[in-house]
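The values are calculated or read from the model by the stated rules, or taken from the named source; none is laboratory data. Bear in mind the structure is a predicted one, so any value in this text is a computation, not a measurement. Neighbour counts are summed over all protein chains in view; Cβ atoms, including those assigned to glycine, are modelled from backbone coordinates with ideal geometry. Each accessible area value is taken on the protein alone, full model and side chains, heavy atoms only, with ligands, DNA and RNA left out. Shrake-Rupley method; radii C 1.70, N 1.55, O 1.52, S 1.80 Å.
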Amino acid sequence: MLRLARTEFTFLPDCKAKVDVAMGDARLSLEREAPENFDVLAVDAFSSDSIPVHLLTLEAMLLYFRHLRPDGVLAVHISNRYLDLAPVLAGETRATGKMARVVDTDDDDTQDVFGATWVLITSPASGFHGEELTNSAEIESKRTVRLWTDDYSNLFRILK
């Protein structure tokens with residue numbers, strides 16, 4: 001997979017930042033690592049019809065924030081045709097004492113870009129300012145779901 005990522009796609013070779021690739025399950029890899037102090041940690045694994053639930057639990061969120069700087073931002077891509085992941089993230093935001101904003105973008109056929117929905121989560125001390133506030137909305141959900149943990153999740157409750 002890594003060979004294909006480096007030879008068939010341009011994202012890794014064109015990246016100006018230092019790139020370290022950890023092969024395997026993202027959560028298990030992060031559990032083995034010392035805290036990284038990332039500015040931003042993006043989790044983008046939920047757009048298919050089969051999602052890795054273990055990346056959306058309270059324990060996973062706590063792990064992500066262990067790897068972020070105190071003012072870091074966790075960015076979670078929640079675009080999904082079948083599942084409404086916003087209530088899950090809203091619950092975890094409340095449970096961790098963080099704050100969240102939703103960024104929604106539209107399709108742009110002229111640029112071959114698909115619209116996306118991201119939830120940005122950070123500490124209340126850091127908050128969101130300027131463009132982050134103007135170009136986002138508070139996380140809202142018409143439904144509430146029980147907090148997802150490593151021992152509990154319920155996909156039926158979030159079906160669209």
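Out of A17, A34, A42, report the one residue that is of a type outside the set (D, E), in a strand (DSSP E or B) and out of contact with any helix residue (DSSP H, G or I) (no Cβ under 9 Å at 6 or more places or on another chain).
Matching residue, one of A17, A34, A42: A42.
For the stretch 83-117, what are the residues that are outside any strand (DSSP E or B) and either touching a Lys or Arg at 6+ places or on another chain (Cβ under 6 Å) or among the polar types (S, T, N, Q) (or both)?
Once the filter is applied, which keeps residues that are outside any strand (DSSP E or B) and either touching a Lys or Arg at 6+ places or on another chain (Cβ under 6 Å) or among the polar types (S, T, N, Q) (or both), the stretch 83-117 yields D84, P87, T93, T96, T105, T110, Q111.
Going by the conditions given, is T144 assigned to a loop (DSSP other than H, G, I, E, B), farther than 22 Å from L41 by Cβ and among the polar types (S, T, N, Q)?
yes
Just the residues that are assigned to a loop (DSSP other than H, G, I, E, B) and within 17 Å of the chain's Cα centre (by Cα), please, taken from the stretch 128-138.
F128, S136
Residue check, S50 against (1) assigned to a strand (DSSP E or B); (2) open to solvent by 30 Å² or more (accessible area, probe 1.4 Å), all met but one. Which one?
Failed condition: (1).
When you go through L62, L74 one by one, which is the residue that is under 30 Å from K142 (Cα atoms) and open to solvent by 30 Å² or more (accessible area, probe 1.4 Å)?
L62
Does any residue in the stretch 127-150 that is in contact (Cβ under 8 Å) with a residue 24 or more places away in the chain and open to solvent by 60 Å² or more (accessible area, probe 1.4 Å) come within less than 7 Å, Cβ to Cβ, of a residue that is of a type in the set (A, V, I, L, M) and not in a loop (DSSP other than H, G, I, E, B) six or more places away or on a different chain, and which pairs are these?
Note: pairs meeting the criteria are N135/V103.
Can you run down the residue pairs with Cβ atoms below 8 Å, 6 or more apart or on separate chains, where the first is in the stretch 56-74 and under 18 Å from W118 (Cβ atoms) and the partner is in a helix (DSSP H, G or I) and of a type in the set (K, R)?
A60/R27
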